[in-house]
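Reading through the structure tokens given below for one structure.
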Amino acid sequence: MTPRSKIFIAFAAAALLGGASVALAQSSGADPVVEQARAGGIVGEQADGYLGFAKTPPADLKSRVDAINIKRRAIYTDLAAQRGVTVQEVAAATACQLFQTRVAPGEAYRSEAGIWGVRNGAVQKPSYCP
Amino acid sequence: MVMNKDGSRKWLMAASGAAIASGIALAGCVQIQAPDKPIEINLNVNIRQEVIIRLEKDVRDLIEKHPGVF
């Protein structure tokens, strides 16, 4: 193997790896700005099934979160129609799951009573969750 | 004249009968009992827990299907 072909292979491998990581990031699909705000305790899951702000957000972050919430509402509305339940019920059921899986220690979340807290130990689930 | 008097008496009887009947009906309806337990005001009246449980699997799929939204 010539040094030239070795370099070529190295480049090809790097390109492949890069492509794979981009694909991964896309499949996870999460907005990196919003994810960072979650980690920073600015944005968090709410008991009503939507994202909210524990602290006043910059305008760019607000519009990103608003966009996510609009999509959530559309998804909730679809499932509610399919199952013959209310949109709030689908949203609440989703919140039950998200509270268990999507709030990491140190991240903010908003209780059923509308109070923001930071996860320290277990997340306190809303009363209607199983 | 007599007929008329008789008619008005009948009407009076019917009216008082109706009043008594409605009185009995009302007495039957209005039964207020103080509950044993303190009254709880649940603000989430529109969220039914059995529905939440029924939706559990659907919602998990929903979250999985839309990774950019959840």
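Just a few scattered comments:
- Among A:98-105, A:53-60, sorting by the average number of other beta carbon atoms lying within 10 angstrom of each residue, highest first, gives A:98-105, A:53-60.
- Shape box of segment A:31-130 [Cα atoms, principal axes, largest first, Å]: 37, 30, 20
- Computed from point charges on the beta carbon alone (+1 for Lys and Arg, -1 for Asp and Glu), the dipole magnitude for segment A:31-130 about its Cα centre is near 40 Debye.
- Charge tally for B:Val51 (other residues, Cβ to Cβ under 9 Å; Lys, Arg +1; Asp, Glu -1): +1.
- B versus A: buried accessible surface, summed, Å² (probe 1.4 Å, to nearest 100): 2200
- Solvent exposure, largest accessible area first (probe 1.4 Å, DNA, RNA and ligands not counted), of A:Ser127, A:Ser111: A:Ser127, A:Ser111
- Estimated FRET transfer efficiency when R0 is 45 angstrom, pair A:Gln82-A:Ala104 (beta carbons, to 0.05): 0.90
The values are calculated or read from the model by the stated rules, or taken from the named source; none is laboratory data. A quick note: this is a predicted structure, and the numbers were derived from the prediction, not measured. Note: ideal-geometry Cβ built from the backbone for every residue, glycine included; neighbour counts use all protein chains shown. Remember, those area values only see protein heavy atoms, side chains included, never the ligands or the DNA or RNA. Shrake-Rupley method; radii C 1.70, N 1.55, O 1.52, S 1.80 Å.
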